[in-house]
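Below you'll find the structure, written out as structure tokens, and then a few comments.
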Amino acid sequence: MIVAIDGPAASGKGTIARKLAQEFDFAHLDTGSLYRMTAFLVLEAGGDPTSPKDASAAARAVADRLIDDEALRTREVTDAASKVAAIPEVRAVLVDYQRNFGNSPPALAGGSPVKGAVVDGRDIGTVIFPGADVKLYVSASPEERARRRHLELRDRGEAAEFAQVLADVKARDERDASRDISPMKPAPDAHLLDTTDLSIEAAFEAARDIVAAAFK
Ligand code: DC
């Protein structure tokens, strides 16, 4: 069983995906972290995130390195991630990794048998797993997503103006949605979940009901 979850940054999709994985004994893959790792490795090597050569070399090295999650969430890496994600060679390298994960999900840490995979990103229901058993497209208004991101940055001690965070959110949406390859968009058969006015618990419950219905 594969659950594909797409949507823009700070829509709540990552939290929903993690909670669904716990609820249903699924392995979880946050595919944004693959693009973030690629960006991190390019920057670390002093390369250019817009260069297909630099970025695809970094993408090939992704599976070999464990990188601390905090280091992947800085503004610099976040910005570079949406640049490497627009490069076809990078996406081609990362497709196999994602499909292997979904088709043969790794064992769960707690020892329960793994029953499927939840994979979240931007193109999971459209390109990576067009035949996924359940597809969700999670969204929220740009202002609400900027508010969440602003709080997250503040908690991490990265001071930023709200107006700047909002501008970053909109710029990244624009880059992710307008690129030629695998743009961010809902699959025609995706369930749409707008979390603008929902608590994380309410959003999770809505997602859980949709996935549970697919089991029946
Ligand atoms: O979800 P995130 O913010 O961690 O994603 C980081 C970047 O990677 C973001 O700019 C979108 C891109 N991305 C993508 O193009 N395709 C995916 N499946 C996942 C993320």
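The values are calculated or read from the model by the stated rules, or taken from the named source; none is laboratory data. Fair warning: this is a prediction, and the values are worked out from it, not measured in the lab. Don't worry about glycine lacking a Cβ; one is built from the backbone with ideal geometry, like all the others, and counts go over all protein chains shown.
Overview of values
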read-out	value
So Ala61, is it surrounded by fewer than 22 Cβ atoms within 10 Å (Cβ to Cβ) and either among the hydroxyl-bearing types (Ser, Thr, Tyr) or farther than 26 Å from Ala167 by Cβ (or both)	yes
Residue in the range 85-108 that is surrounded by 15 or more Cβ atoms within 10 Å (Cβ to Cβ), touching a strand residue (DSSP E or B) at 6+ places or on another chain (Cβ under 6 Å) and part of a helix (DSSP H, G or I) present	yes
Odd one out for Gly131, checked against (1) in a loop (DSSP other than H, G, I, E, B); (2) modelled with pLDDT of 95 or more; (3) surrounded by 13 or more Cβ atoms within 10 Å (Cβ to Cβ)	(3)
Asp176, sole failed condition from (1) at pLDDT 90 or above; (2) part of a helix (DSSP H, G or I)	(1)
Subset of the range 184-196 [surrounded by fewer than 14 Cβ atoms within 10 Å (Cβ to Cβ) and within 17 Å of the chain's Cα centre (by Cα)]	Leu192
Ala160, sole failed condition from (1) part of a loop (DSSP other than H, G, I, E, B); (2) under 30 Å from Val93 (Cβ atoms); (3) modelled with pLDDT under 95	(2)
Residues (over 15 Å from Pro88 (Cα atoms) and either among the β-branched types (Val, Ile, Thr) or within 14 Å of the ligand (Cβ to nearest atom) (or both)) located in the range 176-189	Lys185, Pro186, Ala187
Residue ID - farthest from the ligand (Cβ to nearest atom), chosen from residues in the range 57-76 that are within 28 Å of Lys135 (Cβ to Cβ) and free of Cβ contacts under 8 Å to residues at least 60 places away in the same chain	Ala63
Residue in the range 4-26 that is in a strand (DSSP E or B) and farther than 17 Å from Val127 by Cα present	yes
Enumeration of residues in the range 197-216 that are part of a loop (DSSP other than H, G, I, E, B) and either surrounded by 13 or more Cβ atoms within 10 Å (Cβ to Cβ) or in contact with a His (Cβ under 7 Å, 6 or more places away or on another chain) (or both)	Leu198
